[in-house]
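The values are calculated or read from the model by the stated rules, or taken from the named source; none is laboratory data. In this text, all values refer to a predicted model and were calculated from it rather than measured experimentally. Counting neighbours? That spans all protein chains shown, and the Cβs are built from the backbone with ideal geometry, glycine included.
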Amino acid sequence: MGTDQDDLVVIPLRTFQRRLAGNQDVRLIQISVKDGASTQKVEQSVTQLLRERRHISANEDDDFSVMDMKEIANMLSGTTRVLTMLLGAVAAVSLLVGGIGIMNIMLVSVTERTREIGIRLAIGAMEREVLLQFLVEAIVLSSLGGVIGIILALAGSVALADLMQVPFVFNVSIVVVSFLFSAAVGVIFGYFPARKAAQLDPIEALRHE
């Protein structure tokens with residue numbers, strides 16, 4: 001549960017009570033259950049035993065708590081899932097904003113290079129060649145941004161790991177997936193401008209000022 005086991009000292013209970021605590025209070029008892037045993041049944045048995053030992057009547061509430069580690073694990077897993085969903089939503093918004101930015105840049109590029117596109121189409125360039133040209137430009141642009149983002153993320157992770165004194169683990173698969181996502185953003189958001197460039201009328205494009 002995040003406790004540093006290097007700072008843990010184990011001594012006999014009676015020694016602790018006599019020399020350190022000065023009383024016989026026990027704040028925590030940890031119980032290990034055999035594999036396959038019902039933790040719910042054990043929890044009920046422990047609750048009943050503690051009520052008997054503490055002389056708690058039927059109409060009185062427990063003055064202790066019994067927790068199942070499965071419940072704690074489920075709670076932590078639920079919290080982790082929520083955080084993962086939030087981070088995923090932030091990443092999705094970031095990808096959407098970045099993709100829209102790439103699409104706008106490519107649309108401006110198509111507008112500024114209309115005469116160039118018209119000349120290429122007039123001298124025999126195929127529509128798919130113009131489409132591929134602008135699509136490759138969008139992929140290169142997004143991939144370059146992805147590489148820069150990965151470098152910044154790795155540098156920030158190393159710095160934070162050193163600051164928080166936690167180990168830094170480099171995962172190649174995550175880096176590869178991140179790069180592929182950045183390239184996919186270029187393909188998805190760069191297709192519309194590339195398609196617009198490929199469908200230009202060469203005559204109208206040559207007249208464009």
For region 1-19, name all the residues that are in a helix (DSSP H, G or I), modelled with pLDDT of 85 or more and of a type outside the set (Lys, Arg). Leu13, Thr15, Phe16, Gln17
Condition check: over 30 Å from Leu206 (Cα atoms), out of contact with any Pro (no Cβ under 6 Å at 6 or more places or on another chain) and either outside the structural domain of Val140 (by TED's automatic domain parsing) or assigned to a helix (DSSP H, G or I) (or both). Does Val108 satisfy that? no
Only residues that are under 40 Å from the mean Cα position of the chain (by Cα), assigned to a loop (DSSP other than H, G, I, E, B) and not small (Gly, Ala, Ser): list them for region 39-65, please. Phe64
Given (1) over 21 Å from the mean Cα position of the chain (by Cα); (2) free of Cβ contacts under 8 Å to residues at least 40 places away in the same chain; (3) surrounded by 10 or more Cβ atoms within 10 Å (Cβ to Cβ), where does Ala92 come up short, assuming only one miss? (1)
Suppose the filter is exposed (fewer than 15 other Cβ atoms within 10 Å of the Cβ), assigned by TED's automatic domain parsing to the domain that holds Ala91 and within 30 Å of Asp4 (Cα to Cα); does Gln199 pass it? no
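With the structure loaded, tell me whether Gly118 is of a type in the set (Gly, Ala, Ser), closer than 20 Å to Leu200 by Cα, assigned by TED's automatic domain parsing to the domain that holds Ile203 and touching a residue at least 24 places away in the same chain (Cβ under 8 Å) or whether it fails that test.
Against the criterion (of a type in the set (Gly, Ala, Ser), closer than 20 Å to Leu200 by Cα, assigned by TED's automatic domain parsing to the domain that holds Ile203 and touching a residue at least 24 places away in the same chain (Cβ under 8 Å)), Gly118 qualifies.
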Looking at region 66-73, is at least one residue within 30 Å of Ile150 (Cβ to Cβ) and in a helix (DSSP H, G or I)? no
